[in-house]
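Contents: one structure, followed by commentary.
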């Protein structure tokens, strides 16, 4: 074998050795970072096998920047380290060391969107919505409790948001103020909401539609269909007094000293009428009069010119109601036929 042949063989062995070393370096210790925009996870492997108890150092690339997760860590059995989410965007250097081997990587961490919680439909079935930025947060924890410990709310408790990032609460039975706290991963957001009790059917029935109130009033009069005597004035007075659209008492209006129209003789209920001693006039069903209404039986017979011959001249019979329904017909010339005073 010549010297030239030996030289060629030696070069070949060196080249093979160098190639073998390069492969070993590629398959040696390695470090990666995932979820850089949330809670970063550092993974250390050696020949694609998780490395437990490897040392991991994390520090900002720019010494003027800060990162809450800066420091030294040790990998778990899965070869991982979980870092806290960045509070602001920052670039960090992550170095893994195991035995005599070292691996380094640089990663840009992004601050995740701020967690927010909101309450809508506070006057019905309240809906709690949890978002991060503009993204709904599923599986966030929502805690609801009253602000005042002396108040109660049926919806107090702990909930989990659905795929839309929402939780629907029960309607409040009474007005109540609650604290609503949303928690997702290591973030928390809180808001305070005043829940308004819904008006129940019983509340509405207590007052009822005004038309219903009027019907009940008419029924309370005990006047059936076709009864003689009008009820218009009675209804008018009730509507004026009870209409929810009325102005308040202090707003002024007609004096209460005026005569109440409901007292008029033409609007009395069916059972109303002249006193029993008021003569022979009778009312028919259609409201007309029969007979020759006149003074009460105990009234004396007056003369044609009004001179009374009895103790009680018809001109002074204050209770008399003539056939024409006039009140206080007494305009006579005095008792016993004497001249007027």
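The values are calculated or read from the model by the stated rules, or taken from the named source; none is laboratory data. A quick note: this is a predicted structure, and the numbers were derived from the prediction, not measured. All Cβ positions, even for glycine, are placed from backbone atoms using ideal geometry, and neighbour counts span all protein chains on display.
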Lone qualifier among 188, 174, 161 - being surrounded by fewer than 15 Cβ atoms within 10 Å (Cβ to Cβ) and closer than 16 Å to residue 118 by Cα: 188
How many residues are surrounded by 12 or more Cβ atoms within 10 Å (Cβ to Cβ) and assigned to a strand (DSSP E or B) if we restrict to the stretch 121-156? 13
Exactly one of (1) at pLDDT below 95; (2) touching a strand residue (DSSP E or B) at 6+ places or on another chain (Cβ under 7 Å); (3) within 30 Å of residue 181 (Cα to Cα) is unmet by residue 129. Its number? (1)
Selection from the stretch 52-62 of residues surrounded by 19 or more Cβ atoms within 10 Å (Cβ to Cβ) and assigned to a loop (DSSP other than H, G, I, E, B) yields 54
Filtered residues of the stretch 26-51 (kept if surrounded by 15 or more Cβ atoms within 10 Å (Cβ to Cβ) and out of contact with any strand residue (DSSP E or B) (no Cβ under 8 Å at 6 or more places or on another chain)): 38
Are there strands (runs of 3 or more DSSP E) fully within the stretch 64-119 with at least 3 residues that are surrounded by 12 or more Cβ atoms within 10 Å (Cβ to Cβ)? List them. 80-82, 90-98, 101-109
How about the stretch 132-157: which of its residues are more than 12 Å from residue 179 (Cα to Cα) and within 20 Å of the chain's Cα centre (by Cα)? 151, 152, 154
